[in-house]
Every structure is written in C-alpha cells, then in structure tokens.
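What follows is a set of notes on a single structure, which appears directly below.
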Amino acid sequence: MITQEIKDFLDLQKLGYIATVNSDGTPNLSPKGTIIGWTDKTLAFADIRSPDTVNNLKTNPNVEINVIDPLLRKGYLFRGEARIIQEKTLFEKILNHYRGNGVKSPINSIVLVDVSDVSEVRSPLYDMGISEQEIKSKWKKHFESL
C-alpha cells in the first residue's frame, strides 16, 4: 500500500497536514513536517508541538493525512487509525530515525497511523492537458516572486 515511491515522496516533501476531530465535533487541521512512511502499511509523525492533535487521537483515532508537492500539485491522501506509541523499543527506533535525519526538536510522542486507504491527489490542471513541467514552472515562478 505504501510503496517505496510513496516513501521517497514523503521524504522529499517536508510539509503535510493531519486532520482530526475535536471533542466538540469540529475539525482540527494541523501542519506536520515529520510524516514518514514507516512500513508498507503505516505512517509515522512526531508530536513536536501537537497537543490538540494528540488529545483528539486519544478519543477518536480516525485521521486523514494530506501531503502535496507544492510545485507539481500532486500528492497523496491517506486515511487510517492512529495510535500513540507506548512501546519503548519502537519509540526509540523511530526517534533514532528522526534524529538521524536531522530532527533536533524535542519530540513528546510518536504517532503511528495504520493506513487503510491511499489515494493520489492531482490538480484539475492535469485534466485540462497542462503538463507537469508547465505546472511546475508556473508555481516555481510564483514562489520565487514572493
């Protein structure tokens, strides 16, 4: 389900969004810079500054994760159930992965998401026959002009 191609994509893209549900039923959308493909069925992310997300997951583990390449306007939507890692050995293993990849922030906890569905996300511009290179060029110029 989570192929090496998807894992590589997640390693390149440094920003994704986690959607959870607050206790009052309202949505919570939180940016994350640590989403990784841990196994072919699980994603992980670090709780660096995510108290609302973690609290929401304790009462409702359902989650959606969206990671998009901002230039290509392509990416993935993941659905699944999250669990906060309690097992020390697994926590240390994932923590060492983050430290080995340059994450220096204090990590309060690590969340694993058992992925039940993965779908590709693509800009409607592709449906109009606009090429990937044209889309990339357009958005690159946009970001360079900021």
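The values are calculated or read from the model by the stated rules, or taken from the named source; none is laboratory data. This is a predicted model, so every value here is computed, not measured. Cβ sites come from the backbone with ideal geometry, for glycine too, and all protein chains shown count toward neighbours. For accessibility, only protein heavy atoms count, side chains too; no ligands or nucleic acids. Shrake-Rupley method; radii C 1.70, N 1.55, O 1.52, S 1.80 Å.
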Applying the selection to region 121-146, what residues are among the aliphatic types (A, V, I, L, M) and either exposed (fewer than 12 other Cβ atoms within 10 Å of the Cβ) or not in a helix (DSSP H, G or I) (or both)?
VAL121, MET128, ILE130, LEU146
Could you tell me whether region 19-29 includes any residue that is without any contact (Cβ under 8 Å) to a residue 40 or more places away in the chain and within 19 Å of VAL103 (Cβ to Cβ)?
no
Selection from region 84-96 of residues open to solvent by 50 Å² or more (accessible area, probe 1.4 Å) and closer than 19 Å to LEU10 by Cβ yields LYS93, ASN96
Output the residue which, of all residues in region 34-52 that are in contact with a helix residue (DSSP H, G or I) (Cβ under 8 Å, 6 or more places away or on another chain) and open to solvent by less than 10 Å² (accessible area, probe 1.4 Å), is nearest to ILE110 (Cα to Cα).
ALA46
Kindly indicate the residue of region 28-44 that is of a type outside the set (Asp, Glu) and more than 13 Å from ASP11 (Cβ to Cβ) and also nearest to the chain's Cα centre (by Cα) among those meeting that condition.
LYS32
If you go through ARG83, ARG49, ARG79, the only one that is more than 14 Å from the chain's Cα centre (by Cα), under 22 Å from VAL118 (Cα atoms) and of a type in the set (D, E, K, R) is ARG83
For region 6-32, how many residues meet the condition of being in a strand (DSSP E or B) and either of a type outside the set (Val, Ile, Thr) or closer than 15 Å to GLY75 by Cα (or both)?
10
Select from region 3-33 the residues that are closer than 17 Å to ASP69 by Cβ and of a type in the set (Val, Ile, Thr) and write down the one among them that is least open to solvent (accessible area, probe 1.4 Å).
ILE6
